[in-house]
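S.K.: Right, I'll just put the structure down here and ask away after.
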Amino acid sequence: MGIGSEDTTMARRFTEIVFSLAIFLVVLVATPLGATAQSGDGYLLKKPRVTVKFESGYAFQQTNSDIFDFVIEEHTLEGSDFNAPYFGAELGIRMSERLDLTVSVGFQESSQQSEFRDWVDQDDLPITQVTGLSQVPASIGVKFYPLPRGRSIGRLAWVPRTVSPFFGGSVGLVAYDFEQFGDFIDYDTFDIFYDDFYSEGQAFLARASAGLNISVGPQFLFSVEGRYNWAHANMDGDYFGFDPIDLDGFQLIGGLAVRF
């Protein structure tokens, strides 16, 4: 079980649960608002209460733990090989003019082929393997908007602000899979063997973020956001005995959202 394995892995079950919760909240909150939040010519007929965003970007992984030191020293890997594309979704529920409650979930995965740095096989061919790290972060938090996000016209119509900066903070869980599969060296006999080494787990996640929402119409907006995640998770399975794996990292995210 590991990177690219069956859908019964813990990370995929974790994703399904959180996405089901997000979909339930969207249906529960957005349905009664749909009839009253229709858009007009540059405005909404009611101040929006829900924002649903789909996002993608890139995650820059920190590698400050001994598992990364070990695989980088042994194999032709660098810290940047654990950077990865990011995909996710976020649900925002307006609590006030300046504050949103947010629920988010995402996925990122790196996979890199490598060789032993100092060893080759009996035919002077490289001894190769694949190293992968996947993460599924899920969080609940708040976003604060220092400026009003729009203005009301009369009692009903609401015109969105073109650019709205925000700051955010959230907490949650991150599930990870770390895996190496391929050919390895038995340092007692110097035989080469195939194996699949694996660890999975989860840890508390803390996140800080800042960004901009840019309105591209009364109901749609584009979001640019920078986030920093803090998390360290215990290693298990074939990597039991290593220090907790460093899951800290910076994410640069862009997203397209619709507000209801």
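The values are calculated or read from the model by the stated rules, or taken from the named source; none is laboratory data. Quick caveat, the model's predicted, so the values are computed rather than measured. Neighbour counts are summed over all protein chains in view; Cβ atoms, including those assigned to glycine, are modelled from backbone coordinates with ideal geometry.
S.K.: Does Asp66 fit the bill of being over 18 Å from Ala257 (Cα atoms), of a type in the set (D, E, K, R) and at pLDDT below 50? If you could, list the steps in order and put the result at the bottom.
M.R.: On the way: over 18 Å from Ala257 (Cα atoms): yes; of a type in the set (D, E, K, R): yes; at pLDDT below 50: no.
Against the criterion (over 18 Å from Ala257 (Cα atoms), of a type in the set (D, E, K, R) and at pLDDT below 50), Asp66 does not qualify.
S.K.: Among what's in the range 81-125 and is touching a residue at least 12 places away in the same chain (Cβ under 8 Å) and among the hydroxyl-bearing types (Ser, Thr, Tyr), pick the residue that is surrounded by the most Cβ atoms within 10 Å (Cβ to Cβ).
M.R.: If we take residues in the range 81-125 being touching a residue at least 12 places away in the same chain (Cβ under 8 Å) and among the hydroxyl-bearing types (Ser, Thr, Tyr), then Ser104 is surrounded by the most Cβ atoms within 10 Å (Cβ to Cβ).
S.K.: Taking the conditions exactly as written (in a strand (DSSP E or B), at pLDDT below 95 and charged (D, E, K, R)), does Asp118 satisfy them or not?
M.R.: yes
S.K.: Take the conditions surrounded by fewer than 14 Cβ atoms within 10 Å (Cβ to Cβ), of a type outside the set (Gly, Ala, Ser) and either in a loop (DSSP other than H, G, I, E, B) or in contact with a Leu (Cβ under 8 Å, 6 or more places away or on another chain) (or both) and apply them to Pro137. Does it pass? Walk me through how you get there before you give the answer.
M.R.: Details: surrounded by fewer than 14 Cβ atoms within 10 Å (Cβ to Cβ): no; of a type outside the set (Gly, Ala, Ser): yes; either in a loop (DSSP other than H, G, I, E, B) or in contact with a Leu (Cβ under 8 Å, 6 or more places away or on another chain) (or both): yes.
So Pro137 does not fit the description; no.
S.K.: Mind checking whether some residue in the range 220-227 is more than 17 Å from the chain's Cα centre (by Cα), farther than 22 Å from Phe82 by Cα and modelled with pLDDT under 95? So that I can check it myself, show each step before the final result.
M.R.: As a first pass, look at the range 220-227 and keep what is more than 17 Å from the chain's Cα centre (by Cα): 220-222.
From the residues that got through so far, the ones that are farther than 22 Å from Phe82 by Cα too are 220-222.
This time we only want the ones that are modelled with pLDDT under 95, so: 220-221.
Yes, some residue in the range 220-227 is more than 17 Å from the chain's Cα centre (by Cα), farther than 22 Å from Phe82 by Cα and modelled with pLDDT under 95.
S.K.: Across the range 61-110, what is the number of residues that are touching a helix residue (DSSP H, G or I) at 6+ places or on another chain (Cβ under 8 Å) and aromatic (Phe, Trp, Tyr)?
M.R.: Going through the range 61-110 one residue at a time, the tally reaches 3.
S.K.: Go through (1) closer than 19 Å to Val174 by Cβ; (2) out of contact with any helix residue (DSSP H, G or I) (no Cβ under 6 Å at 6 or more places or on another chain) for Tyr145 and report which single condition fails.
M.R.: In the conditions (1) closer than 19 Å to Val174 by Cβ; (2) out of contact with any helix residue (DSSP H, G or I) (no Cβ under 6 Å at 6 or more places or on another chain), Tyr145 misses (1) alone.
S.K.: Among the strands (runs of 3 or more DSSP E) confined wholly to the range 146-260, which include 3 or more residues that are surrounded by 14 or more Cβ atoms within 10 Å (Cβ to Cβ)? Write out each step before concluding.
M.R.: Details: elements: 150-153, 157-160, 163-185, 192-215, 220-230, 249-259.
The strands (runs of 3 or more DSSP E) meeting that bar are 157-160, 163-185, 192-215, 220-230, 249-259.
S.K.: Say we look at the range 95-129 and pick out the residues that are β-branched (Val, Ile, Thr) and more than 22 Å from the chain's Cα centre (by Cα); which of these is nearest to Asp177 (Cα to Cα)? I'd like the intermediate steps shown before the answer.
M.R.: Here is the first cut: in the range 95-129, the ones β-branched (Val, Ile, Thr) are 102-103, 105, 120, 127-128.
Right, trim to more than 22 Å from the chain's Cα centre (by Cα) and you get 120, 127-128.
Working: Val120: 28, Ile127: 23, Thr128: 20 Å.
Applying the filter and picking the extreme gives Thr128.
S.K.: Please go through the range 45-63 and pick out each residue that is in a strand (DSSP E or B) and surrounded by fewer than 18 Cβ atoms within 10 Å (Cβ to Cβ). Lay out the reasoning, then the answer.
M.R.: The first filter runs over the range 45-63 and keeps only residues in a strand (DSSP E or B), leaving 50-61.
Listed by number, the residues that qualify are Phe54, Ser56, Tyr58, Phe60.
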